[in-house]
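Novice: So that we are looking at the same thing, I have put the structure below in C-alpha cells.
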Amino acid sequence: MPENDKQSLSMVTCTAPVNIAVIKYWGKRDEDLILPINSSLSVTLHQDQLKTTTTVACSRNFQQDRIWLNGKGEDISNPRLQSCLQEIRRFSRKRRNTGDSTSDVSGVSHKVHICSVNNFPTAAGLASSASGYACLVYTLSQLFGVENEQLSAVARQGSGSACRSLYGGFVQWKLGEQLDGKDSLAEQVESESYWPELRVLILVVSAEQKSVGSTSGMHTSVETSQLLKYRADVVVPSRMEEMIRVIRERDFPAFGELTMKDSNQFHAICLDTYPPIFYLNNMSHRIISLVHRYNQYYGETRVAYTFDAGPNAVIYTLQDHLPEFVQVVRHFFPLEVTQAHHVMIITLNSELKRDINMEPTPKGIRYIISTKAGPGPCVMKDPNHHLLGADGLPKKSVISD
C-alpha cells in the first residue's frame with residue numbers, strides 16, 4: 001500500500017473478557033435474533049488470564065471485508081458475523097444522519113479488516129464465542145462511534161452470551177418480553193470489585209473442540225426436552241432473584257450451592273435431550289465428586305463447580321480457601337503444568353486426604369488457570385498492540401502456518 005494510502009487507514013484494538021454463567025443460558029425462543037428462553041447470570045473473568053484481542057481497520061483502499069481468527073483467514077460471510085457488521089454500520093449511519101458531530105463515521109462505507117486472537121483454546125468450553133463477539137462488536141463501535149448502550153443487542157446476535165461479556169463483574173442477561181428483542185439486554189448487577197475475596201479456578205481437562213456445538217445442542221434441547229421448558233418457566237425466574245440476592249449479600253455457601261445446582265440442572269437437560277448430549281466426561285465427574293467430598297469434610301460449601309458446554313470445570317471459592325483446594329486438586333489430579341500463579345503451596349493434612357478417599361488420577365487435568373472477577377472490554381491505546389500492520393494485513397507474529 002503506498003504511503004499516502006496508509007494514512008487513510010483507521011485502526012482500533014480492544015480486548016474483551018470471558019464470562020462464566022452461574023445461572024445458565026440454554027435455548028432460544030428466536031434463533032434469528034438470538035433471544036433466550038430464560039434469563040441468565042454470569043461472572044466476568046479477569047483479562048490478565050483469559051481474553052480476546054481484536055483489531056479492526058477500515059480503509060477506502062480495502063476491496064472487501066476480511067477476517068482472521070487466531071492467525072487463519074476465515075469466511076466473513078458467516079451470518080452471525082454479517083449481522084454484527086450490518087448492525088454496527090446501521091447504528092453508525094443513523095448517528096451520522098442525525099447530525100451527531102461527536103463521532104467520526106466517515107469510514108462506515110469502507111470495507112474492514114478484522115484480526116482476532118484468543119489467549120486460550122477456542123471452542124473448548126471456555127466461552128470463546130462470547131469474548132470473541134463481544135470484542136468484535138466493542139472494537140467496531142469504537143471505530144465507528146456507536147453508543148455503548150446499543151451494543152448489547154448487537155453482540156447478542158453474534159453469540160447470545162456475548163452480551164454479558166460487555167460488562168465487568170456480575171452480569172445478568174434479561175429474558176425480555178418484546179418480540180423484537182429490544183428489551184433482551186445485559187446489565188451489570190455488581191462491579192468486579194464488589195466481592196474482592198471471590199476467586200476462580202479453571203481446571204482444563206480437554207482443549208479439544210466439543211463434538212456437539214452449543215448452537216445445535218440448544219436447538220435439539222428446545223425441540224425435545226420437557227425438563228428445559230419446566231426450567232425456563234418455573235425454576236429460573238426465582239433462581240435469578242435468589243442468585244442476585246446472595247451475590248449482593250456476599251453469601252458464598254448459598255452462592256456456591258445455587259451455582260452447582262444450576263450447572264447440574266443444565267447437564268440434566270442435556271441428558272433429557274433426545275438424542276442425549278454428553279458434555280461432561282469421566283474427569284468432569286471425578287472433579288464433581290472431589291468438590292462434594294471436600295465440602296462434606298468441612299461441613300459447609302467452601303468450593304463450588306460449574307460446567308458450561310464442555311468438560312472443563314470452573315471452580316468458585318474464596319481467597320482463604322484457595323491455597324488448600326489448589327493443593328487438593330494437585331494431590332488427586334497430579335499435573336505437569338499449572339498456571340495457578342501466586343497460589344501459596346501448603347501441606348495437606350492426612351485426615352483430609354483420607355476422608356476424601358479418592359485414587360489419584362495423574363494427568364487427568366491438563367492445567368489450572370487461577371483468576372478472579374474482572375472488568376469489561378478495554379481499548380488498547382498503544383499502537384504496538386495492533387494485530388494488523390500498516391498495510392491492513394495481520395502482522396507476522398499473528399499468522400499461523
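The values are calculated or read from the model by the stated rules, or taken from the named source; none is laboratory data. This structure is a prediction, so every number in the text was calculated from the model and none was measured. Here the Cβ positions follow ideal geometry from the backbone for every residue, glycine too, while neighbour counts run over all protein chains shown. Protein only, heavy atoms only, side chains kept; ligands, DNA and RNA dropped before computing areas. Shrake-Rupley method; radii C 1.70, N 1.55, O 1.52, S 1.80 Å.
Novice: Please work out which option in (1) 159; (2) 147; (3) 202 gives volume of the Cα convex hull per residue in Å³ calculated from these coordinates, and answer with its label.
Specialist: So the calculated entry is the one marked (2).
Novice: Counting each DSSP H run of 4 or more residues in the chain as -39500 (n - 2.57), what helix-only mean residue ellipticity at 222 nm follows after dividing by all residues, to the nearest 500 deg cm²/dmol? Don't skip to the end; give the middle numbers.
Specialist: Details: 11 runs with 133 residues, N = 401.
Theoretical 222 nm ellipticity from helices: -10500 deg cm²/dmol.
Novice: Could you give the nm distance between label points at Tyr367 and Val234, where each point is 7 Å from its Cα heading toward the beta carbon?
Specialist: So the label points at Tyr367 and Val234 sit 4.4 nm apart.
Novice: List every residue whose amide H lies under 5 Å from the amide H of Glu190, counting only residues 5 or more places away in sequence or on a different chain, with H placed 1.01 Å from N in the peptide plane.
Specialist: Phe170
Novice: Determine, for each peptide in 182-195, 346-359, 366-379, the mean count of other beta carbons within 10 angstrom over its residues, then list the peptides with the highest first. List each step's numbers first, then the result.
Specialist: Values: 182-195: 17.5, 346-359: 11.2, 366-379: 19.9.
Top of the packing list down: 366-379, 182-195, 346-359.
Novice: If you don't mind, another one. Between beta-carbons, use under 10 Å as the cut-off and find the net charge around Asp320, counting Lys and Arg +1, Asp and Glu -1.
Specialist: Numbers: positive: Arg199, Arg302; negative: Glu197, Glu324.
Computed value for this residue: 0.
Novice: Which order do peptides 146-157, 165-176 fall in by mean Cβ count within 10 Å, highest first? Before the final figure, lay out the partial values.
Specialist: Values: 146-157: 21.5, 165-176: 23.9.
Listed from highest to lowest mean packing, they are 165-176, 146-157.
Novice: First compute the accessible area of the chain with a 1.4 Å probe, then give the percent of it belonging to carbon and sulfur atoms. Please list the in-between numbers first.
Specialist: Numbers: 8390 of 17670 Å².
Reported share for carbon and sulfur atoms: 47 percent.
Novice: With every protein chain left in place, what is the accessible area per residue of the chain in square angstrom, probe 1.4 Å?
Specialist: Each residue of the chain exposes 44 Å² on average to a 1.4 Å probe.
Novice: Right, another one. Explain nothing, just compute: Karplus ³J(HN,Hα) = 6.51 cos²θ - 1.76 cosθ + 1.60, θ = phi - 60°, for every residue of the stretch 167-174 in order, whole Hz, x for Gly and Pro.
Specialist: Residue by residue, the stretch 167-174 yields 10, x, x, 9, 9, 10, 10, 6 Hz.
Novice: Would you please give the residues with an amide H less than 5 Å from that of Asp65, counting only those at least 5 places away or on a separate chain, with H modeled from the backbone geometry?
Specialist: Long-range HN contacts for Asp65: Val112.
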